[in-house]
Amino acid sequence: MGVWGSGNLDSDGALDAVAERSGELIERIWTALQTSTSWEADESEHDELFVDLEWLLAADAGGCLSVWNMPPLAALEPVLAMWLEGWSAYYDGLAGPEFKAERRGVIDATFQRLRELSQRRDEQRAE
């Protein structure tokens, strides 16, 4: 195992741990996106999905994310579309249209950041 600097992530072992934890988190998110209870806003799976997404995005912002295990963008897009369709239909009876629109904007922004990670994965695999 190599060490090339004094930083917390400046070793092969640290990067292996980053890759392992990233993969676990990505797998939880990928599984949740394909589970109907994750779009049901009054279910714990919905909250857990967005906590995991925030952790994923925070890890990326902090330089502690390996996107190698992200699904390709071509696989992610239809899953997100299906999720949003399910969420929209389910959410209709839960809150007024103003709140639904506001929440949808937050979800759209979060999913856009997820798409960007997936795109970065595609670009890394193409190199």
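Any read-out appearing in this document is the output of simple, stated calculations on the displayed coordinates, not a laboratory observation. Keep in mind the model is a prediction, meaning the values are calculated, not measured. For neighbour counting, all protein chains shown are included, and Cβ atoms are generated from backbone atoms with ideal geometry for every residue, glycine included.
Data for the structure
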read-out	value
Restricting the stretch 109-124 to residues that are surrounded by fewer than 14 Cβ atoms within 10 Å (Cβ to Cβ) and without any contact (Cβ under 8 Å) to a residue 24 or more places away in the chain, the residue that is farthest from Trp39 (Cα to Cα)	Glu123
Residue identified as part of a helix (DSSP H, G or I) and touching a residue at least 60 places away in the same chain (Cβ under 8 Å) among Leu84, Leu56	Leu56
Single match in Ala19, Ala41, Ala32, Ala58 (criterion: out of contact with any helix residue (DSSP H, G or I) (no Cβ under 7 Å at 6 or more places or on another chain) and either more than 22 Å from Glu127 (Cβ to Cβ) or among the small types (Gly, Ala, Ser) (or both))	Ala58
Sole residue being closer than 14 Å to Trp30 by Cβ, of a type in the set (Lys, Arg) and assigned to a helix (DSSP H, G or I), chosen from Arg113, Arg104, Arg121, Arg125	Arg121
